[in-house]
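Worksheet for the structure shown next.
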Amino acid sequence: MLSLKFKQIIVSLLLLLLIFATQAWAQEAVVVIGQDLKVYARAMEGFKEGFNFPFKEFTLSSATQSDDEILDEVALVSPKLICAVGPKAAQAVKIKFPDIPLVFTLVSNPYQYNLNDKNISGISLDVSPEDQFSYLRKILPQATTLGVIYNAERNENMIIEAEEIIKKYGFKLVKKVVEDKSGVPDAIDFFESQKVDAFWIITDPVVANSVVLERLLLYSFSNKVPLVCPAAIFVKKGGLFSVSVSYKKLGEQMADIANKVFLGVKRIEDFGILWPENARLTINMNTANKLGITVSDEVLATAGKVFSD
C-alpha cells in the first residue's frame, strides 16, 4: 500500500506536469490578426469557441509597435502552429515563418497571395461558385448565359475553376477582362451589346466596389439582367441575390482545421485551401419583382435574409 505522503507527492508531481503541459500548449499555438477590424473580431469569436487549446494572440498594424516587432514577439513563443486572420497576417506569417504550419481565414482568393503552398491550409473568404450557380439555376431555371468582368492577374484561377463547375448547370460564361477600374465602363458597354441572362459580380476589388455597383445596377434594371452578388450589402442596394458567409463560421472552420493539425490527427497538407461552409442565401424580392422574376417558395424558405417591402 502506498503511504499517504507518497500519494501526496505523486499528486503534486502530476499537478506540476499538468501545469507545465498547459504552459507548453499555450506557447505552441498562436493567432496573428491582420488588424483591429470588426469582421476579424467576429472570426475570432468563432475561433475561440472552436479551438480546444490555449493560444497567444497578436494583432498587426499596432500604433505602438511595427509589424516586424510584433512578429519577433511571435517568434519568442516558438509556436508549433500559427493561425492568421486576413491577408496581411497570412502573408506576413508565410514570409516570417515558412517552416511553421499556417492555417488562415478571411482571405479572398488566397491563390493571388501564393497561399496554395506547402505547410499552409485555410478557408477562402469567397463562396464556392458551385453554391452560387446552384442557386442561380433554381432562381433562373431558363437562363443559359452568365456575364462576368474580372482582373486576370487576381482572379484567372477562379474563372478557370468556375468554367468547369458552370458546365454541369448548363450555363455559358461570357467574360470580359479589365486591368483596372478605368476599364470597367467599357466592359459594361460590351455587355450592353451582349445578351446575357444574369451578371456575376465576383470578389474582385476592380469590380466589387460601390462606384462600379451603381453603374452595374443601372445596367441591370435597364436590361433586365439580374446581378449575382458577392455579399449581402450588394443585394440590399439592388442586386438580386448573394450566397455569402458568416465571419464567425469562418473562424469556427479555421479552429476545426487547427485542432486536427495541432493534435497531429491530420497533416496540414491534407486540407489545402477550402471553400467556406454554411453559406447562406440573401435575396432582394423588390429587385426580383422589378425584373419580373418569380422566386419559388422553396428557394425563399432556404434564404437567411430576404429584402422586401
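The values are calculated or read from the model by the stated rules, or taken from the named source; none is laboratory data. Source: prediction; values computed, not measured. For neighbour counting, all protein chains shown are included, and Cβ atoms are generated from backbone atoms with ideal geometry for every residue, glycine included.
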Residues (free of Cβ contacts under 8 Å to residues at least 40 places away in the same chain and surrounded by fewer than 18 Cβ atoms within 10 Å (Cβ to Cβ)) located in the range 220-252:
222, 223, 233, 237
Quick check on residue 26: is it modelled with pLDDT under 95 and part of a helix (DSSP H, G or I)?
yes
Scan of the range 117-144 for residues that are of a type in the set (Gly, Ala, Ser) and surrounded by fewer than 20 Cβ atoms within 10 Å (Cβ to Cβ), ordered by number:
128, 134, 143
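Per-residue answers, yes or no, for (1) assigned by TED's automatic domain parsing to the domain that holds residue 166; (2) closer than 30 Å to residue 193 by Cβ; (3) under 18 Å from the mean Cα position of the chain (by Cα):
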{"position": "55", "(1), (2), (3)": "no, no, no"}
{"position": "60", "(1), (2), (3)": "no, no, no"}
{"position": "66", "(1), (2), (3)": "no, no, no"}
{"position": "70", "(1), (2), (3)": "no, no, no"}
{"position": "107", "(1), (2), (3)": "no, no, yes"}
{"position": "135", "(1), (2), (3)": "yes, yes, no"}
Is at least one residue of the range 206-219 surrounded by 18 or more Cβ atoms within 10 Å (Cβ to Cβ) and in contact with a Ser or Thr (Cβ under 6 Å, 6 or more places away or on another chain)?
no
Could you tell me whether any residue of the range 60-82 is among the basic types (Lys, Arg), touching a helix residue (DSSP H, G or I) at 6+ places or on another chain (Cβ under 8 Å), free of Cβ contacts under 8 Å to residues at least 60 places away in the same chain and more than 19 Å from residue 115 (Cβ to Cβ)?
no
Against the conditions (1) at pLDDT below 90; (2) part of a loop (DSSP other than H, G, I, E, B), where does residue 160 fall short? Just the number, please.
(2)
What's the number of the condition residue 126 fails, among (1) in contact with a Lys or Arg (Cβ under 9 Å, 6 or more places away or on another chain); (2) part of a loop (DSSP other than H, G, I, E, B)?
(1)
So residue 168 passes all but one of these: (1) at pLDDT below 90; (2) in the same structural domain as residue 90 (by TED's automatic domain parsing). Which condition number does it fail?
(2)
If a residue has to be surrounded by fewer than 14 Cβ atoms within 10 Å (Cβ to Cβ) and in contact (Cβ under 8 Å) with a residue 12 or more places away in the chain to count, how many in the range 287-309 make the cut?
6
Which residues, counting only those in the range 94-121, are touching a residue at least 40 places away in the same chain (Cβ under 8 Å), not in a loop (DSSP other than H, G, I, E, B) and not hydrophobic (A, V, I, L, M, F, W, C)?
105, 110, 111, 112, 121
Do we find that residue 91 is in contact with a helix residue (DSSP H, G or I) (Cβ under 9 Å, 6 or more places away or on another chain), among the polar types (S, T, N, Q) and assigned to a helix (DSSP H, G or I) in this structure?
yes
When residue 280 is run through (1) under 19 Å from the mean Cα position of the chain (by Cα); (2) surrounded by fewer than 17 Cβ atoms within 10 Å (Cβ to Cβ), the failure sits at (2)
